[in-house]
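Asker: Sending over a structure as structure tokens; questions will come in a sec.
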Amino acid sequence: MASNTLILGLQWGDEGKGKIVDALSQEVHAVCRFQGGHNAGHTIKVNGNQTVLHLTPSGILHPNVNCVIGNGVVLSLEALDHEIKGLEDAGVSFKDRFFVSSGCALILPSHISIDKVRDKKESIGTTGRGIGPSYEDKIARRAVRFGDIGDEKLLRDKITLLVSYHNRLLVELYNEKPHDIEDVISEVMSYKHLYDSYCFDTQGLIYDWVKAEKSLLFEGAQGTLLDIDHGTYPYVTSSNTTAGGVSTGLGLGPKYIDKIIGISKAYCTRVGEGPFITELFDDNAKMLAEKGHEFGATTGRPRRCGWLDLFALKKAVFTNSVTDICLTKLDVMDEFSSIDVCVDYKDGQPIYKTFKGWQSITVGTTQFDDLPLRAQEYINFIEEFVGCSISYVSTGPSRDQTILR
């Protein structure tokens, strides 16, 4: 019997989803992305070689796995083309196993201009890659979509209308230079080879695979606390990063999701602006950043670091109907003499429970019983507090540095 699994982040992204998707991809028919854009950065380390994927599903490194970009993703043609060429140069084949939904809204150069100038005033802390404005146009029903590239007249009409609107915003509202409409049309058409090779009715593909009882893996980008509806609004991304986004972003009913794995670090990090109740500003924060290499895979920005927030994690488990948790970066905590976890809030401040640190090496451990007892106690407390099994524990960046309980 086929089993379909959803993997998503339970914090503010950067939880280590890419490694887990890659590790679990070996036994599935396809890996499917359902939301976000090239603001995501999934880092995978195999045999000492590190790969950062921004749009391509993390299963692409397995030659027999199909990969799908669903309609819920907003698409930068430039970023996709660059990523495909880079992976092909490294020996990865995309032929007959990579499919992009015709319904993906495109990110145009004018989206990027609006994103950058607007964030200077609003200070949301976006990546400046046009993600938000592209989703905005999608909701307003004026988006140019990937499938439109197949009809040059329709494409020209839609780009003309949309970029004319963008130019009014840029000139009249932000006092910025407008975009040449013909240049934008030419740029989009220069990527017609992507349309010719990869544009598909991906919902139809997924329907056929489900009916044929093929196992599928659904890959989320960012994390629950960045969800447009359920995150720390307005300091959120522009898509639904929670479990409901799978159905809208791929055209798949929720009854076809058999297992939901939520990824959480053993501590918390956040990139950009917004509330972060357990954030640290002391030597502990520096140690977490240094040991955890906490810099954004997409932006290179340093991440804010703090203790694990179990109150928020418990809510994220509920929001997503999580069946299993994967706890990542446990090894980053190896040198701490004491470790705090937030169990509640009072007047906007965290209430902590303190654990004694295990102060021994867990890197590369693959058996739960081989972990230090204090590390086991830490994991068991988290599991009991949030009411969900911690079935996977990551003890290093490589595919094989994982405990399966």
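Asker: Kindly indicate whether A212 is of a type in the set (A, V, I, L, M) and crowded, with 17+ Cβ neighbours inside 10 Å.
Answerer: no
Asker: Right, here's the next one. Sort out for me the strands (runs of 3 or more DSSP E) sitting completely within the range 1-115 that have 1 or more residues that are among the basic types (K, R) and crowded, with 23+ Cβ neighbours inside 10 Å. Can you show your working first?
Answerer: Working: elements: 5-9, 30-33, 42-46, 49-53, 66-69, 98-101.
Once the strands (runs of 3 or more DSSP E) in the range 1-115 are filtered for at least 1 residues that are among the basic types (K, R) and crowded, with 23+ Cβ neighbours inside 10 Å, what remains is 30-33.
Asker: Only residues in the range 195-224 that are of a type in the set (K, R) count as the first member; pair them with residues that are surrounded by fewer than 24 Cβ atoms within 10 Å (Cβ to Cβ), Cβ under 6 angstrom, at least 6 apart or cross-chain, and list the lot.
Answerer: Cβ pairs passing all conditions: K214/A2; K214/H29.
Asker: More than 30 Å from H38 (Cβ to Cβ), aliphatic (A, V, I, L, M) and assigned to a loop (DSSP other than H, G, I, E, B): does that describe V322?
Answerer: No; evaluated as a whole, the condition is false for this residue.
Asker: Take the conditions acidic (D, E), surrounded by fewer than 16 Cβ atoms within 10 Å (Cβ to Cβ) and in a strand (DSSP E or B) and apply them to D340. Does it pass?
Answerer: no
Asker: Right, something else. Kindly indicate whether any position in the range 252-259 is crowded, with 17+ Cβ neighbours inside 10 Å, under 27 Å from T323 (Cβ atoms) and touching a Phe, Trp or Tyr at 6+ places or on another chain (Cβ under 6 Å).
Answerer: No.
Asker: Any residue at all in the range 139-149 that's within 21 Å of the chain's Cα centre (by Cα), modelled with pLDDT of 95 or more and either more than 20 Å from T202 (Cβ to Cβ) or not in a helix (DSSP H, G or I) (or both)?
Answerer: yes
Asker: Hey, another quick one. Out of T237, T269, T232, T242, I need the residue that is under 14 Å from W12 (Cβ atoms), assigned to a strand (DSSP E or B) and among the β-branched types (V, I, T). Which one?
Answerer: T269
Asker: Go through the range 376-405 and give me each residue that's among the small types (G, A, S), closer than 24 Å to A312 by Cα and in contact with a strand residue (DSSP E or B) (Cβ under 9 Å, 6 or more places away or on another chain).
Answerer: S389, S391, S394
Asker: Does the range 251-262 include one or more residues that are part of a helix (DSSP H, G or I) and either more than 28 Å from the chain's Cα centre (by Cα) or among the hydrophobic types (A, V, I, L, M, F, W, C) (or both)?
Answerer: No; the residues of the range 251-262 include none that is part of a helix (DSSP H, G or I) and either more than 28 Å from the chain's Cα centre (by Cα) or among the hydrophobic types (A, V, I, L, M, F, W, C) (or both).
The values are calculated or read from the model by the stated rules, or taken from the named source; none is laboratory data. Computed from a predicted model, the values in this text were never measured in an experiment. Positions of Cβ are generated from backbone atoms using ideal geometry, with glycine treated the same way; all protein chains shown enter the neighbour counts.
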